[in-house]
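This report concerns only the one structure given below.
The values are calculated or read from the model by the stated rules, or taken from the named source; none is laboratory data. This structure is a prediction, so every number in the text was calculated from the model and none was measured. Glycine also receives a Cβ, built like all others from the backbone with ideal geometry; neighbour counts cover every protein chain displayed.
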Amino acid sequence: MGYGNTLQNALKNLGLRAFHKIRKQKWVIAKIVRNPSAMVGAFIVALMIISAVFAPWIAPHDPLKTDIEHRFEGPSAHYLLGTDELGRDTLARIIYGARTTVPIIFGVVVLGAAIGVLLGILAGYYSGTFLDKLLLWIFDVISTFPGIILVLALVAIFGSSDLVLTLILAFWRIPSYGRISRTEILSIKNETYVKAAEALGARRWRIILSHMLPNSLPPIIVLGGMDLGVVVMSIAGLSYLGLGMQPPKPSWGGMLSIGYTYIRQSPWLIIWGCVTLVIIMIGCSLFSGGLRASLKPEESLSE
Amino acid sequence: MLKYFGKRLLVLLSVLVGVVLFVSTLTYLIPGDPATIILSQRATPEVRQKLIHELGLDLPPLVRFGQYWWKIFHGDFGYYMLSGRPVLPEVLSAVPYTFILATVGIFFSLFIGMVLGILSIYYKDTLFDHILDVLSATALSVVQYVAALGLMLVFSVALDWFPAIGMGDKGDIVGQIRHLVLPVLALSISWIGYIQRIVRQVLAETLFSEYVKTAKSFGIPRRRIIIRHCLRNAVKPLVTVVVTGWGALLGGSVFIESIFARKGLGRLIVTALTQRDYYVAQAGIMVAVVLFIIAVMLAEIINAVVDPRIRLE
Amino acid sequence: MDKEVILEIRNLSVRYRTRKGPIMPVANVSLRVREGECLGIAGESGCGKSTLALAVMKLLPPNARISTGSILLNGEDLVPLSEKEYGRRIWGKRIIMISQNPHDALDPVFRVRDQLEEILWVHEKSQPGNHTAQRESHGHEIERILTGMGIPDISRVLGAYPHQLSGGMKQRILTAMAFFCNPSILIADEPTTALDTTIAAQVTEMFKDLMKAHSTSLVYISHDLALLSELSTSVAVMYAGEIVEYGKTADIASKPMHPYTTALLAALPSASKSRLDSIPGRVPDLSNPTRLCQFSPRCREKGGWCTEEKPELLEVTPGHWARCSKFLTTDTDRSIHGAR
């Protein structure tokens with residue numbers, strides 16, 4: 001009777017449950033398809049991901065290639081969205097901006113969610129104990145910092161390489177996931193099926209992995225969707241201040257910063273920068289709204 | 001009730017202690033040596049040593065830590081690296097500017113957001129409601145700095161209706177107000193979207209609650225129900241959102257202040273961080289956090305006053 | 001001489017839209033309430049009695065609507081009226097409902113006293129006259145009614161918040177509020193269920209007084225047939241959204257016709273019984289309505305005739321209607337709905 005054996009079983013169980021959930025995906029996907037705003041959101045998010053992955057094939061020009069003669073131009077046939085201060089194609093820079101940003105945001109959300117949920121489960125399962133209070137206190141401390149300030153301070157100290165940025169932003173997002181998963185665990189803890197499993201003598205591990213975790217996922221997934229947008233905004237903000245993506249890497253925030261400096265020369269950088277960011281944020285909101293509607297149908301206020 | 005607040009205060013204070021510990025730990029992780037920063041490269045090792053000794057940087061870390069805390073309790077947050085002026089007064093003097101921006105911004109957003117939320121419930125499910133739904137979802141997505149840049153582009157550079165930069169001259173109230181318009185608008189757009197949605201959702205919930213049904217069936221007029229019963233119950237989530245948002249803004253109107261070149265706490269902290277002026281940054285961060293915690297306490301007090309269930313537990 | 005019919009419900013059906021599809025918790029219900037009398041509505045939970053009440057009060061949730069039928073108050077059909085109209089003329093004045101669920105029925109942020117005063121204020125507005133003097137007399141009236149409900153320590157209760165009071169207490173306060181408004185018709189949905197027997201008896205006496213003193217018509221919803229037999233003049237028994245038996249209480253109590261009614265009566269505890277009878281089986285799933293008699297799976301008197309079609313409601317003896325296949329004969333069909 002090995003511990004490893006139990007773990008194996010738990011994972012197999014988790015796998016089985018995941019398989020069943022994926023079979024249910026068709027139903028979830030069907031719900032999203034029926035919901036027009038969620039479709040729009042999903043489309044935008046997909047577009048962002050596709051730009052990131054296929055940038056070299058999609059972008060009309062090399063984002064780093066300068067063309068001084070044609071700097072600050074507005075939209076034209078050649079440069080679809082115009083050019084920036086060094087004559088580089090804005091559209092290409094926007095597409096490549098996704099390439100630089102997207103890996104980070106997914107890294108942040110996955111890492112932040114993983115750690116946050118883990119801590120949240122611990123806190124919820126051992127609720128009322130010192131561990132719970134300690135974890136909650138840590139969550140409070142991290143979230144009592146105005147977000148920008150926290151991230152800024154950490155970047156100022158640890159630098160702004162991709163990896164560091166990912167870690168810092170993930171750190172910032174941990175409390176949200178922690179609190180939500182804790183709340184979910186608290187309400188699931190007292191459900192009959194959990195008590196039944198406990199009564200049957202199942203080990204804690206198993207219960208957590210195969211019962212509590214899958215059932216607490218929906219709000220976490222919804223939060224994750226929303227977070228994609230939030231993190232994009234943070235990265236762009238950091239880049240704007242010069243503390244995120246460093247030039248000449250294409251970044252949306254950087255584009256805004258340059259646009260600000262040269263606001264009198266050309267409004268286009270600001271225009272396209274703002275448009276891109278707003279569209280992405282709307283897309284992520286709609287997408288996560290669609291996820292919420294399909295994962296928790298009782299909560300959507302349809303009709 | 002006092003006991004309840006006493007407990008909450010203790011918890012919040014412990015959070016404050018945690019934050020402060022965190023901040024000061026960060027400060028110690030600073031790469032680079034203040035002495036090197038102050039002096040130029042050309043200074044000889046002896047001069048450097050002398051300065052290090054003067055700044056007390058050659059004492060063992062624990063002693064430095066203790067010294068640091070001792071100084072803080074006496075209000076001594078250190079000095080500007082270059083100018084030698086004491087840090088705390090400068091930091092505190094930046095607070096009122098941020099305060100004005102944050103307060104005006106929040107009140108403006110609250111007012112408009114509530115009005116729109118109430119209207120959309122009143123005309124629930126009509127075209128107006130749906131349009132507002134789309135608009136507020138969009139507004140939500142327009143983050144501070146995006147709004148700021150966009151507004152500046154349109155209303156300042158293009159149309160020249162409002163000044164882009166600065167805060168207006170000393171005695172010129174009208175000018176100062178004009179300088180506030182765009183920054184406040186930039187702050188408010190996403191808040192208005194957020195508040196409108198919260199208000200509408202809470203009102204929708206309360207409108208279909210049991211007690212509203214009862215009140216209706218006893219003949220209480222609709223307007224009275226909405227105002228007296230629904231709104232009162234809607235206050236709780238609103239208060240939490242608004243007051244903590246206000247608290248966050250106090251420390252974090254970083255972008256607005258940078259973009260519109262206004263004095264304020266956020267901008268101070270950012271400049272300090274980018275210029276590696278750590279004592280300033282640290283002091284600024286602590287002030288911001290304290291303000292936030294005060295806001296959180298305020299939110300809890302208001303909640304307890306409005307909802308007797310909390311008070312009497 | 002029969003008293004005048006003040007409320008008539010004709011062929012009322014209510015339709016809910018749910019995720020599983022539409023359901024009809026109320027199907028083709030017809031009832032009459034006479035002035036100053038009490039109509040009891042009996043049935044298990046889930047049979048549609050509360051939905052019926054909500055429909056009359058225009059308080060159905062947004063995903064429900066009245067699909068057919070009319071509700072005639074003194075001859076005027078209420079179904080086409082808007083909420084605004086209801087607010088102006090019906091709610092609080094002509095018809096009041098005491099809902100089944102006392103727990104959330106009072107606003108949690110206001111004290112009981114404030115909520116009573118609010119009712120006072122509304123009542124005052126609708127009656128011209130000297131308001132301060134009225135207030136005083138209202139105060140006495142409140143006290144009288146509250147004491148009549150068996151509420152002890154009135155000043156403490158008045159000063160309390162709803163969450164500090166028990167369910168039974170809240171239920172009585174709601175009932176008191178309803179009494180105070182003095183409507184023409186009072187719909188009470190299980191007002192005494194949460195109360196213990198002595199208090200319940202007191203409250204029931206209050207209902208009787210109300211009917212006598214003010215000629216208030218009462219629609220009393222309960223699953224307790226014994227209580228209904230004491231209080232009501234006529235009774236309608238509902239099952240799965242339909243009326244299965246309807247008539248004068250005395251008739252039904254002595255000569256129940258529908259098997260369900262018989263079973264309900266048999267289930268009542270009495271001194272002569274050593275065991276309680278129960279009705280086996282469960283209430284049918286309304287999302288899968290059947291074209292046959294809804295009660296047949298649980299019916300003790302099932303016969304060959306029950307597998308044909310759903311029986312209509314028939315006037316078996318004058319003033320006594322039942323929906324059961326046993327009464328179907330080709331030439332004595334008399335439908336309660338009149339000519340179709």
Within the range B:157-168, is there a residue that is closer than 30 Å to C:Met57 by Cα and either surrounded by fewer than 20 Cβ atoms within 10 Å (Cβ to Cβ) or touching a residue at least 60 places away in the same chain (Cβ under 8 Å) (or both)?
no
Please indicate, with yes or no, whether at least one residue in the range C:157-177 is under 23 Å from C:Leu73 (Cα atoms), in contact with a strand residue (DSSP E or B) (Cβ under 6 Å, 6 or more places away or on another chain) and outside the structural domain of C:Leu78 (by TED's automatic domain parsing).
yes
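Quick grid of which residues meet (1) assigned to a helix (DSSP H, G or I); (2) among the hydroxyl-bearing types (Ser, Thr, Tyr); (3) more than 22 Å from B:Gln282 (Cβ to Cβ):
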{"site": "A:Trp172", "(1), (2), (3)": "yes, no, no"}
{"site": "A:Tyr177", "(1), (2), (3)": "yes, yes, yes"}
{"site": "A:Ile180", "(1), (2), (3)": "yes, no, yes"}
{"site": "A:Ile185", "(1), (2), (3)": "yes, no, yes"}
{"site": "A:Ile188", "(1), (2), (3)": "yes, no, yes"}
{"site": "A:Tyr193", "(1), (2), (3)": "yes, yes, yes"}
{"site": "A:Ala197", "(1), (2), (3)": "yes, no, yes"}
Of the residues in the range A:121-146, those that are of a type in the set (Gly, Ala, Ser) and either in contact (Cβ under 8 Å) with a residue 60 or more places away in the chain or under 25 Å from A:Pro214 (Cα atoms) (or both) come to A:Ala123, A:Gly124, A:Ser127, A:Gly128
Looking at (1) within 12 Å of chain B (Cβ to nearest Cβ); (2) farther than 30 Å from A:Gly124 by Cβ; (3) in contact with a helix residue (DSSP H, G or I) (Cβ under 8 Å, 6 or more places away or on another chain), find the lone condition where A:Cys284 falls short.
(2)
Hey, which of the helices (runs of 4 or more DSSP H) in the range B:175-282, taking only ones fully inside, have at least 1 residues that are at the interface with another protein chain (Cβ under 8 Å from one of its Cβ atoms) and among the hydroxyl-bearing types (Ser, Thr, Tyr)?
B:210-217, B:254-259, B:265-274
Of everything in the range B:107-125, what is β-branched (Val, Ile, Thr) and at pLDDT below 90? Give them in sequence order.
B:Ile118, B:Ile121
Counting only strands (runs of 3 or more DSSP E) wholly inside the range C:1-95, the ones holding at least 1 residues that are more than 18 Å from the chain's Cα centre (by Cα) are C:5-18, C:21-34, C:64-73
Give me the pairs: first residue in the range B:197-213 and farther than 14 Å from B:Asp133 by Cβ, second residue assigned to a helix (DSSP H, G or I) and among the hydroxyl-bearing types (Ser, Thr, Tyr), beta-carbon distance under 7 Å, and six or more apart or on different chains, which are they?
B:Val212/B:Thr206
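Conditions tested, residue by residue: (1) surrounded by 18 or more Cβ atoms within 10 Å (Cβ to Cβ); (2) within 22 Å of B:Val254 (Cα to Cα).
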site: A:Leu186; (1), (2): no, no
site: A:Asn190; (1), (2): no, no
site: A:Val194; (1), (2): yes, no
site: A:Gly201; (1), (2): no, no
site: A:Ser210; (1), (2): yes, no
site: A:Met233; (1), (2): yes, yes
site: A:Leu243; (1), (2): yes, yes
site: A:Gln246; (1), (2): no, yes
site: A:Trp252; (1), (2): yes, yes
With respect to the numbered conditions (1) more than 23 Å from A:Leu167 (Cα to Cα); (2) in a helix (DSSP H, G or I); (3) within 11 Å of chain B (Cβ to nearest Cβ), which one is the sole condition not fulfilled by A:Ile263?
(2)
Would you confirm, using the coordinates I've provided, whether C:Thr290 is loosely packed, with under 13 Cβ neighbours inside 10 Å and at pLDDT below 70?
no
Would it be correct to say that A:Ile157 is in a helix (DSSP H, G or I), within 14 Å of chain B (Cβ to nearest Cβ) and farther than 24 Å from A:Ile220 by Cβ?
yes
Give the range C:172-195 a look and list any residue that's over 19 Å from C:Ser217 (Cα atoms) and within 12 Å of another protein chain (Cβ to nearest Cβ), or say none.
C:Ile173
Does B:Leu135 meet the test of being over 24 Å from the mean Cα position of the chain (by Cα) and either within 30 Å of A:Val231 (Cβ to Cβ) or among the acidic types (Asp, Glu) (or both)?
yes
Applying the selection to the range C:49-108, what residues are touching an Asp or Glu at 6+ places or on another chain (Cβ under 8 Å), of a type in the set (Val, Ile, Thr) and at the interface with chain B (Cβ under 10 Å from one of its Cβ atoms)?
C:Ile98
Criterion violated by C:Glu118 - all others in (1) more than 8 Å from chain B (Cβ to nearest Cβ); (2) surrounded by fewer than 21 Cβ atoms within 10 Å (Cβ to Cβ); (3) part of a helix (DSSP H, G or I) satisfied
(1)
Determine whether C:Ala105 is crowded, with 21+ Cβ neighbours inside 10 Å, modelled with pLDDT of 90 or more and of a type in the set (Gly, Ala, Ser).
no
Identity of the residue in the range A:130-141, surrounded by 20 or more Cβ atoms within 10 Å (Cβ to Cβ) and under 16 Å from A:Val117 (Cβ atoms), that ends up farthest from the other protein chains (Cβ to nearest Cβ):
A:Leu135
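Condition check ((1) under 22 Å from C:Asn11 (Cα atoms); (2) modelled with pLDDT under 90; (3) surrounded by fewer than 17 Cβ atoms within 10 Å (Cβ to Cβ)) across all residues:
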position: C:Thr198; (1), (2), (3): no, yes, yes
position: C:Ala201; (1), (2), (3): no, yes, yes
position: C:Lys208; (1), (2), (3): no, yes, yes
position: C:Met211; (1), (2), (3): no, yes, no
position: C:Ser215; (1), (2), (3): no, yes, yes
position: C:Val219; (1), (2), (3): yes, no, no
position: C:Glu230; (1), (2), (3): no, yes, yes
position: C:Val235; (1), (2), (3): yes, no, no
position: C:Tyr239; (1), (2), (3): yes, yes, no
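Per-residue answers, yes or no, for (1) at pLDDT below 85; (2) surrounded by fewer than 21 Cβ atoms within 10 Å (Cβ to Cβ):
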residue	(1), (2)
C:Asp2	yes, yes
C:Arg10	no, yes
C:Ser13	no, yes
C:Thr18	yes, yes
C:Ser45	yes, yes
C:Gly48	yes, no
